[in-house]
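To keep things clear, I will list the structure first and then write my remarks on it.
The values are calculated or read from the model by the stated rules, or taken from the named source; none is laboratory data. Since the structure is predicted, the reported quantities are computational estimates derived from the model, not experimental observations. Every residue, glycine as well, gets a Cβ built from its backbone with ideal geometry; the counts of neighbours run over all protein chains shown. These area figures cover heavy atoms from the full protein model, side chains too; ligands, DNA and RNA do not enter into them. Shrake-Rupley method; radii C 1.70, N 1.55, O 1.52, S 1.80 Å.
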Amino acid sequence: MSDRVAFVAGAGGVLGRAVGARLADAGFTVVGVDRLAYADAVPTTALAVTTQLFCDWASPLAGPAREVICWYFDEVPKLTDQVGVAEAEKLAVAAAKEGQ
């Protein structure tokens with residue numbers, strides 16, 4: 001087990017599985033949960049707080065939340081390649097959404 005642990009909320013979904021796989025590849029021990037609160041974890045980033053607050057992504061407030069999430073995924077790779085979601089994983093999520 002790694003000394004670096006990452007909690008992945010929504011690990012049952014396509015994006016959650018992609019994030020978990022990326023973190024595992026980066027050497028993290030990954031704990032997948034449906035919601036961070038179930039693991040007694042505290043969200044500590046804008047992305048974690050935003051994704052934890054939304055259970056209904058069809059709500060009228062989902063658009064502004066998506067703006068924060070998309071901004072995060074665009075900006076983080078400019079700082080490090082150790083966090084975020086790879087372009088291939090984003091494309092896989094987009095393809096899965098189209099197939100729903």
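Tell me yes or no: at least one residue of segment 42-54 is loosely packed, with under 11 Cβ neighbours inside 10 Å and at pLDDT 70 or above.
yes
Considering each residue of segment 60-79, count those that are assigned to a helix (DSSP H, G or I), open to solvent by 70 Å² or more (accessible area, probe 1.4 Å) and of a type in the set (A, V, I, L, M), and give that number.
1
In segment 4-27, what residues are open to solvent by less than 70 Å² (accessible area, probe 1.4 Å) and either outside any helix (DSSP H, G or I) or farther than 22 Å from Ala95 by Cα (or both)?
Ala6, Val8, Ala9, Gly10, Ala11, Gly12, Gly13, Ala24, Ala26, Gly27
Need pairs with beta-carbon distance below 6 Å; first residue under 14 Å from Gly13 (Cα atoms) and in a helix (DSSP H, G or I) and within segment 86-98, second small (Gly, Ala, Ser) and modelled with pLDDT of 70 or more; sequence gap 6+ or separate chains.
Pairs that qualify, where the first residue is under 14 Å from Gly13 (Cα atoms) and in a helix (DSSP H, G or I) and the partner is small (Gly, Ala, Ser) and modelled with pLDDT of 70 or more, are Glu89/Ala18.
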